[in-house]
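To keep things clear, I will list the structure first and then write my remarks on it.
Derivation of every value follows stated rules applied to the coordinates shown; laboratory data play no part. Worth saying up front: this structure is predicted, and the values here are computed from it rather than measured. Cβ placement follows ideal geometry from the backbone for every residue including glycine, while neighbour counts extend to all protein chains displayed.
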Amino acid sequence: MAIDKMKKVTLLCPVTATQRLMKKLHEMSVMEVVDVFDRYEDAREKLTRQEVSTEDCDLELQRLNLIIGLMDLFAPEKKSFVQGLAPVPLLVDPQELSRIKTQFPLDAQYAAAEDMDTEYRRIERAIGDTENRLKDLRPFESVPFPVDALRKIQSAKVVFGSISRQGLEALVRDAALPALAAVEEVVPIRLAGDNDNQKKSGGASARENVWILVACRPEVGEALRGVLDAHGFAEITLPQISGTVHEMIRSLEGDLDELQGRVKGIVARVEKLVEHRKEFLMLKAFWEDNRKLSLARTNSAHARWIQVVTGFVREMDVPGLEAVLKADFPTVTACVEDPLPEDNPPVNISLSPMVRPVQMLVDLFGRPAYNTFDPSPFIMPTFLLFFGICFGDVAYGGMLLLLSLYIMHKTKPYAGVYNFARLMFYAGITTIIFGFLLGSWFGDLYAEKYLGENNLMYRIMMTTQVIDPIQKPIVVLMAALAIGMFNQFYGIALKMYSAILRGNKAEALCDGLLWLVILPGFVVMIAKMFAPVPAPLFYLGLVLFFAGALGLILTQGRESSGLAGKLITGVISLYGIVGSYGLTAFIGDTMSYCRLLALSLTTAIVALSFNMMADLLRPIPYVGIFLFIFVLIIAHIFNFLISVLGAFVHSMRLIFVEFFGRFYETGSRSFAPLGFDSKSAILHRQQ
Amino acid sequence: MDQALAIEIGRGLAIAGAGLAVGLGCCGSGKGIGIASQAAAGVISEKPDLFGQLLVMLALPGTQGFYGFITAIMIFMRTGLINGAWEPSASVSTGVALLFVGLAVGLALFVSAVWQGEASAAGIALVARRKEESGRALLFPAMVETYAVVALLAGILTIIWLTSMGANAA
């Protein structure tokens, strides 16, 4: 139950056996392959990096992406809100995958999908063109004459355009209008549902524009242009079509309907593809994995006859690997060594199923350094304690238990979601415990005014309640700060443990034990300022404080130069600017635990406020009791969701900031053995 | 001043404080969630699978509204608006003090909610690029919320002390 010991393993195999060896390593999934040249710098001159082509994988992935993209476009997978919240990868059974690889007619399906894709793109272009033409024609839909008729007139120049009604009236009266010119208003045809026609017709106001046709002999064209410009005439170029614009629009709309119908046909064909969605996704996962296997080979290097593959293997897997190599690859030589600190070994953590859910929290922060220890078992009780206090309510705890059991039942193969649900299951238990202690059952739903006098919930609450945080917040605040103080001591003790593991006893003594001496003394001295402290305890506190302070002054500056420098650094370290910790950091970190009270009050007060609001509806005749129950259900589900979020985030924060800050060293990377690796799927053998 | 009038003025000021606390808290939460939502919408349009992780960060600035609500409920409870009568010793000075408690808590909640929204948006941008950093990204807005929690706690304790002190004096 700790960080697994790693071994550096280097395999020397005949070049001809490399592919088979890599496949075996992939199948065993025990070795993380690393770059040969990163490990053996001097090998660059003698070895050549393995060149690998991923062309076949890329081609298959391209084909599958086209099919999956088409399905996602026309028939996306329907997901519930919960599935959207926590998407889970596809489970791939190796036997099923093997069957699909050999039997599934991907080529035929791809050919069909490619046809659909090509046809869809063609239709999409045609729809775009048609819509653009319609957009151009719409403004002239009510032009009443065939527009090609104007182009056919040879003997006169005819101009179509718009002018304000006021301008038209002035133009008609204008003496400068050439004699060989004629102006006529164009009355738009009435279109169904087109109110604008009214405005363009004679009833329009003087400022609004009307369409006009102006005809003249070609020789007076220039003179006419000047007159028209003077009255604000704007020429309009009509589209080059045959017949009326209205007829053309009807025709194009018909085309558009036909194109939309063809798209529906494609959708129906894609829906048939969807029946094989799982097969496509499994094949995609297979080719993604294959591609990564190929790329893993680029980490190896070769000479003329020998291929070098190197990486990390967990110490416990080394005998198994050696046995397989001996049996299947007798020509392969394995060199097994202990990793050096500069090798930056990856970290793999093995935990008992009981503690495993908490590893998720550690991973959120970052894996521990290889030469330290895994904090998961140590943070489990503190996280659950904090969560329980923040969320403390018997009924909410019960809801959390049931919900997490349901999710655990549904998501057993998905380690991430399952472990999270399991963590919430444990958190549900502590929530119930603190609910009993703090006397919270859906807030104060046990109150006489809601459930009647001396109801069962009330009787249980009265038996189990230790303190009411709303009535006695100061006591609970003191308890929260005491928890914070002890958690700081716990963190310092873990720092000492970490230092001892690394063989650094001086650090354990100077940066750990001395703080454990000074801080209790400091707490006693502070307590004396607020409450009576027995004299022997106070003197003991004084002794501890000054002994610890002396020790810290003498040791915290041990890396500074000169006696004065060492002493000055030691004195300043008490404050906390330099050194491993400080009195101010201790006060700040401990005060941060007051959030335990605040969040506990939040859960309880919001719950009791909802109870009060629901109760306001109860006097309504006939339906009051139903409204009361309905509002209670909705309101408490809401409070459950916001409070569980707050309890999780703040418990996590107390662990990450105030607790991990004392001892935890992160910065390593996770062990990633060569094995099935896909972004969207995980291997899962059917039972 | 007439005792009944003093009680009414005191109660009115206290309730105004409750209104400020809940009003400012809710305004801040609305703005904070709005800021985070704008960032999340852009990410989800490209990566819908991140919805679950981003929803938590979207929801975080919403808690200040509830902290304001709790402050208001505490004032209502302790001034007898909900249960029973205004404490017998209630005075204009207690009402003024509660008004400023509500105002101060409300302001702290408003500002912290807006900044928490900004921190959430930054965290969302981080998760969009590096999904595996969602835990650390969640920590940024959680750090900002610390001060909303401190304000809430200070507010609750002050309300309890103010109203108890008045009763004791009586």
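Computed FRET efficiency, Cβ-Cβ of A:L340 and A:D115, R0 56 Å: what is it to the nearest 0.05? After rounding to 0.05, the efficiency reads 0.45. With the simple spin-label model, which puts each label point 7 Å out from Cα in the Cβ direction, the B:R130 to A:E271 separation comes to 4.6 nm. In terms of the Cα gyration tensor, with a ≥ b ≥ c the square roots of its eigenvalues, is the protein assembly as shown rounded because a/c is under 1.5, prolate because a/b exceeds b/c, or oblate? Oblate. Once you've got the Cα coordinates, tell me which of A:K679/B:K131; A:K78/A:K278; A:K23/A:K326; B:K31/B:K131; B:K47/B:K131; A:K7/A:K46 are over 20 Å apart. Checking Cα-Cα distances, B:K31/B:K131; A:K7/A:K46 exceed 20 Å.
Residue by residue along B:43-53, Cβ atoms of other protein chains within 10 Å of the local Cβ number 2 on average. The modelled label-to-label distance between A:I587 and A:I572, using points 7 Å beyond Cα along the C-beta direction, is 1.9 nm. Spatially, segment B:107-170 and segment A:389-440 are offset by 25 Å when compared through their Cα centroids. Quick one: helix A:535-555 against the long Cα principal axis of chain A, what's the angle to the nearest 10°, folded into 0 to 90? For helix A:535-555, the angle is close to 70 degrees. Protection proxy ranking for A:467-478, A:377-388, A:585-596, using the average of other Cβ atoms within 10 Å per residue and placing the highest first: A:377-388, A:585-596, A:467-478.
Between A:A17 and A:D468, residue separation times 0.36 nm minus the direct Cα-Cα distance comes to 155.2 nm. Between helix A:563-575 and chain A there is an angle of about 70 degrees, using the helix long axis and the longest principal axis of the Cα atoms. With a Förster radius of 22 Å applied to the beta-carbon distance between A:F486 and A:V543, the computed FRET efficiency rounds to 0.60. Our helix-only sum for chain A, with -39,500 (n - 2.57) per DSSP H run of n ≥ 4 divided by its residues, gives a mean residue ellipticity at 222 nm of -19000 deg cm²/dmol.
What's the extension gain from B:A122 to B:E8 if we count 0.36 nm per residue and subtract their Cα-Cα distance?
Values: separation 114, 0.36 × 114 = 41.04 nm, distance 4.69 nm.
Roughly 36.3 nm would be gained on extension.
Within 10 Å of the Cβ of each residue in A:79-90, the mean number of Cβ atoms contributed by other protein chains is 2. Only one residue of A:C57, A:I553, A:S609 has its Cα farthest out toward the positive end of the dipole of chain A, where Lys and Arg carry +1 and Asp and Glu -1 on Cβ, and that residue is A:I553.
Taking 7 Å steps out from each Cα toward its Cβ at A:S53 and A:K152 produces label points 6.5 nm apart.
Among rounded, prolate and oblate, which fits segment A:416-503 when a ≥ b ≥ c are the square roots of the eigenvalues of its C-alpha gyration tensor, a/c under 1.5 means rounded, and a/b larger than b/c means prolate?
In terms of gyration-tensor shape, oblate.
Residue by residue along A:636-642, Cβ atoms of other protein chains within 10 Å of the local Cβ number 1 on average.
Measuring r between the beta carbons of A:E184 and A:V263 and using R0 = 41 Å, the FRET efficiency lands at 0.40. The angle separating the long axis of helix B:134-169 from the principal Cα axis of greatest extent in chain B is about 0 degrees. One chain, two ends: A:A75 and A:L213. Fully extended at 0.36 nm per residue, the span grows by 44.5 nm beyond their Cα-Cα distance.
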